[in-house]
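The values are calculated or read from the model by the stated rules, or taken from the named source; none is laboratory data. Fair warning: this is a prediction, and the values are worked out from it, not measured in the lab. Cβ placement follows ideal geometry from the backbone for every residue including glycine, while neighbour counts extend to all protein chains displayed. To get the accessible areas, we keep the full protein, side chains included, count just its heavy atoms, and leave off ligands, DNA and RNA. Shrake-Rupley method; radii C 1.70, N 1.55, O 1.52, S 1.80 Å.
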Amino acid sequence: MGLKRNDVAVTDLAWLIPHQADRRIIEAVAKRVGLALDRMVIHLDRYGNTLGATVPIALAEWNERGRIARGDRIVLTAFGAGYAAGSLYLRWAIA
């Protein structure tokens, strides 16, 4: 996830917002990086796989619910067909 490059430990993350393709994949990612599922934003059960919109929908929903606080460290991560994948680390700056 590039956390080392940013001198960030997994325990520093407030949220990991993954692509919502499959719950088993989300759980496997959580296990692999050592992050509890309660720190992963999951809405797959409500919306299903909304393709390229899964991460933005989750981020917007969490923000609207007031779950994200200024200064929170967040990783957005997604994957696509083949070997396409990407992640983004950010610090939330909206009050």
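Accessible area per residue for the chain, computed on protein heavy atoms with a 1.4 Å probe, is 62 Å². Note on the chain: antiparallel DSSP beta bridges, both residues inside, total approximately 60 percent of the bridges counted.
Net charge near Trp92: determine it from the other residues with C-beta under 11 Å of the C-beta of Trp92, scoring Lys and Arg +1 and Asp and Glu -1. Value of the local net charge: +3. Helical content of the chain, expressed as a calculated mean residue ellipticity at 222 nm, amounts to -7500 deg cm²/dmol (DSSP H runs of 4 or more residues, -39,500 (n - 2.57) each, divided by residue number, nearest 500). Ordered from highest to lowest accessible area with the whole protein assembly present and a 1.4 Å probe, Tyr47, Tyr89, Tyr83 read as Tyr83, Tyr47, Tyr89. Counted residue by residue at 0.36 nm each, then reduced by the alpha carbon distance between them, the extension gain from Arg46 to Leu90 reaches 13.3 nm.
Take the Cα of Ala28, step 7 Å toward its Cβ, do the same at Arg5, and the gap between the two points is 2.4 nm.
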